[in-house]
Amino acid sequence: MQLWLLVMAAVVLSAERAVYVFIGRRPEPFRRLCRRPVIACLGEPVAIVRRLLYPFKAVQFSLFAAWCLVHGAGSPMPAEPDPVVLGLASAAVVAGQVLNWSVFYRLGTVGVFYGDRLGHEVTWCRGFPFSLSAHPQYLGVVLTIWGFFFGMRFPHDDWFVLPALETLYYAVGAQLEDERPRPEAVPAPLGGRLT
């Protein structure tokens, strides 16, 4: 593993979390930004956050695929896939996606995309998946990432590097987003942001 590749990956992957922390902690400046004509044509603030998801996920997926190609000597798949490893990896990905889609089911699009911070009323949710975690969507994304890299790169020395980095980013992001005072009149959900 080359250090410069890791540093580059760390910088690129941090952009998504930084933007979401900004939106979560500073919603009013984000709303003002969304009122600018060149941005307002994309929709209201929640719609704009939703639109941000696609390029962020495309960059994240592309970086993960490139990591596997570079460190896999041109092949993204492990040389000899172990059925047990692939089974455990698949279980982690499925569990992660169940958590992600459960958050969408519970909160809806507005709730998932910072609606509580951007002027919409979003009811507090204590049911599944929020009964498992304050940030089930972040947990779901992290499980999916760990499952992907476990299936694609294990037992190579680099298999845990990007999942550990992403785990750190999501944990810090969740903590920083939660530090923002919540409005008293509109209770916000426990976590539930798409990443």
| task | Give the number of residues within segment 8-31 that are among the β-branched types (Val, Ile, Thr) and open to solvent by 80 Å² or more (accessible area, probe 1.4 Å). | result | 1
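From the residues in segment 67-76 that are out of contact with any Leu (no Cβ under 9 Å at 6 or more places or on another chain) and either surrounded by 13 or more Cβ atoms within 10 Å (Cβ to Cβ) or assigned to a helix (DSSP H, G or I) (or both), which one is modelled with the lowest pLDDT? Steps first, answer last, please.
So in segment 67-76, the residues out of contact with any Leu (no Cβ under 9 Å at 6 or more places or on another chain) come out as 68-69, 72-74.
Next cut, either surrounded by 13 or more Cβ atoms within 10 Å (Cβ to Cβ) or assigned to a helix (DSSP H, G or I) (or both) only: 68-69, 72.
Details: Cys68: 90, Leu69: 89, Gly72: 83.
Of everything passing the filter in segment 67-76, Gly72 is modelled with the lowest pLDDT.
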| Are any residues in segment 160-194 modelled with pLDDT of 95 or more, more than 16 Å from Gln137 (Cβ to Cβ) and small (Gly, Ala, Ser), and if so, which ones? | Ala164
| request: Run Phe104 past the list (1) in contact with a helix residue (DSSP H, G or I) (Cβ under 7 Å, 6 or more places away or on another chain); (2) open to solvent by 50 Å² or more (accessible area, probe 1.4 Å) and report the number of the one that doesn't hold. | output: (2)
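Say whether the condition of being part of a helix (DSSP H, G or I), among the polar types (S, T, N, Q) and out of contact with any strand residue (DSSP E or B) (no Cβ under 9 Å at 6 or more places or on another chain) is met by at least one residue in segment 12-35. So that I can check it myself, show each step before the final result.
First, pick out the residues of segment 12-35 that are part of a helix (DSSP H, G or I): 12-25, 27-34.
Next cut, among the polar types (S, T, N, Q) only: 14.
Still in the list and also out of contact with any strand residue (DSSP E or B) (no Cβ under 9 Å at 6 or more places or on another chain): 14.
Taking every residue of segment 12-35 in turn, at least one turns out to be part of a helix (DSSP H, G or I), among the polar types (S, T, N, Q) and out of contact with any strand residue (DSSP E or B) (no Cβ under 9 Å at 6 or more places or on another chain).
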| task | Name every residue in segment 124-137 that is exposed (fewer than 14 other Cβ atoms within 10 Å of the Cβ), of a type outside the set (D, E, K, R) and touching a residue at least 40 places away in the same chain (Cβ under 8 Å), in order of residue number. | result | Trp124, Ala134
| Lone unmet requirement of (1) open to solvent by 30 Å² or more (accessible area, probe 1.4 Å); (2) at pLDDT 95 or above for Cys34 | (1)
| message | List pairs: first residue in segment 47-67 and without any contact (Cβ under 8 Å) to a residue 24 or more places away in the chain, second residue of a type outside the set (S, T, N, Q) and not in a helix (DSSP H, G or I) anywhere in the structure, Cβ distance under 6 angstrom, at least six positions apart or on different chains. | response | Ile48/Leu42; Arg51/Leu42
| request: Only residues in segment 143-154 that are of a type in the set (D, E, K, R) count as the first member; pair them with residues that are open to solvent by 30 Å² or more (accessible area, probe 1.4 Å), Cβ under 9 angstrom, at least 6 apart or cross-chain, and list the lot. | output: Arg153/His71; Arg153/Trp159; Arg153/Phe160
| field | The lone exception for Leu118 - which of (1) hydrophobic (A, V, I, L, M, F, W, C); (2) open to solvent by less than 60 Å² (accessible area, probe 1.4 Å); (3) assigned to a helix (DSSP H, G or I); (4) within 26 Å of Leu176 (Cα to Cα) it fails | value | (3)
| message | Can you find a residue that is part of a helix (DSSP H, G or I) and open to solvent by 40 Å² or more (accessible area, probe 1.4 Å) anywhere in segment 41-48? | response | no
| query | Which residue pairs have Cβ atoms under 8 Å apart, sit 6 or more places apart or on different chains, and have a first residue in segment 102-113 that is within 15 Å of Pro45 (Cα to Cα) and a second that is open to solvent by less than 20 Å² (accessible area, probe 1.4 Å) and among the β-branched types (Val, Ile, Thr)? | reply | Thr109/Val46; Val110/Val46; Val110/Val122; Gly111/Val122; Val112/Val103; Phe113/Val46; Phe113/Val49
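The values are calculated or read from the model by the stated rules, or taken from the named source; none is laboratory data. In this text the structure is predicted, and so the values were computed from the model without any measurement. Virtual Cβ from ideal backbone geometry, glycine too; neighbours counted across all protein chains shown. Accessible surface areas use protein heavy atoms only, side chains included; no ligands, DNA or RNA. Shrake-Rupley method; radii C 1.70, N 1.55, O 1.52, S 1.80 Å.
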